[in-house]
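Structure record follows, encoded as structure tokens.
Just so you know, all these numbers are worked out from the coordinates, no wet-lab data involved. Treat the numbers as computed from the prediction; the structure is a model and nothing was measured. Every residue, glycine among them, receives a Cβ derived from its backbone with ideal geometry; neighbour counts consider all protein chains shown.
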Amino acid sequence: MSEKNILIAPSILSADFSRLGEEIKAIETAGADWIHIDVMDGVFVPNITIGPLVVSAIRPLTKLFFDVHLMIKDPINYVDQFIKSGADMITFHIEACRDAREIIGRVKSKGKKIGVSIKPATNADVLNDIINEVDMVLVMTVEPGFGGQSFMEDMLLKVKEIRKRFRRYLQVDGGIDKITAKKAVNAGANILVAGTAVFKESSYKQAIAGLRG
Ligand code: DX5
Ligand code: ZN
């Protein structure tokens with residue numbers, strides 16, 4: 001997997017949860033690169049979604065890379081559980097943790113990838129001290145908490161600014177569709193998370209291909 005290619009990571013938040021297993025297999029067949037798993041705790045964000053039990057239940061169904069986006073307060077407390085459940089990458093919010101280095105060290109010591117995310121109101125400068133320690137930066141292009149929101153165009157500047165000094169995975173999440181995908185890629189993003197733009201389409205294959213541009 002080259003970091004120069006654009007990777008598509010469908011967010012299962014928009015999947016039909018009553019048929020989650022089938023949905024996972026369907027996006028794998030349709031050409032998804034990663035599976036994006038949105039974990040929310042009702043504290044850091046005003047919604048509650050998926051826990052480690054669900055991650056371990058879907059782990060045997062696919063070989064795809066599990067990109068686990070933790071939107072939870074004090075993420076360090078749950079890192080071990082999510083890794084045990086099958087996460088390949090843990091992305092935490094810098095706004096939600098007390099010691100970013102601690103969580104980075106913990107995830108790396110378990111041989112997994114580590115990502116750091118910033119909310120729309122958070123300045124990219126907060127990443128200065130740790131940016132060289134992480135595999136991925138996730139720039140939120142909506143306020144975290146819910147799928148189906150509109151892409152915040154002004155986040156493109158933040159993506160550009162980070163791309164100038166960061167050569168690894170740069171992910172965008174929120175409001176990504178065919179049109180905003182292009183803009184994000186032009187700004188320097190190379191991993192696109194999409195919930196609505198994949199799962200609300202009748203052909204997942206066409207939807208994923210459309211996002212690749
Ligand atoms: C928002 C989540 C996103 C969201 C994306 O808090 O992190 O992954 O589900 O959904 P869409 O693509 O519908 O904006
Ligand atoms: Zn997400």
* **The lone exception for residue 175 - which of (1) over 26 Å from residue 104 (Cα atoms); (2) surrounded by fewer than 21 Cβ atoms within 10 Å (Cβ to Cβ); (3) within 12 Å of ligand 1 (Cβ to nearest atom); (4) not β-branched (Val, Ile, Thr) it fails** => (2)
* Residue match in the range 109-125 (condition: within 16 Å of ligand 2 (Cβ to nearest atom) and over 22 Å from residue 13 (Cα atoms)) -> yes
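Return the residues of the range 22-39 that are away from ligand 1 (no atom under 16 Å from the Cβ) and either part of a loop (DSSP other than H, G, I, E, B) or buried (at least 22 other Cβ atoms within 10 Å of the Cβ) (or both); say none if nothing qualifies. So that I can check it myself, show each step before the final result.
First pass over the range 22-39, keeping only residues away from ligand 1 (no atom under 16 Å from the Cβ): 22, 25-26, 28-29, 31.
Across the range 22-39, the qualifying residue is only 31.
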* To do: Quickly run through the range 77-93 and pick out the residues that are buried (at least 18 other Cβ atoms within 10 Å of the Cβ) and part of a helix (DSSP H, G or I).
  => 78, 79, 82, 83, 85
* Asked: Which pairs have Cβ atoms under 8 Å, sit 6 or more apart or on different chains, and link a residue in the range 182-193 that is over 14 Å from residue 163 (Cα atoms) to one that is of a type in the set (Ser, Thr, Tyr)?
  -> 193/11
* Could you tell me which numbered condition residue 133 fails, if it satisfies all but one of (1) farther than 18 Å from residue 169 by Cβ; (2) surrounded by fewer than 15 Cβ atoms within 10 Å (Cβ to Cβ); (3) among the charged types (D, E, K, R)? => (1)
* **Meets criteria (in contact (Cβ under 8 Å) with a residue 24 or more places away in the chain, closer than 20 Å to residue 70 by Cβ and more than 12 Å from ligand 1 (Cβ to nearest atom)) for residue 156** => no
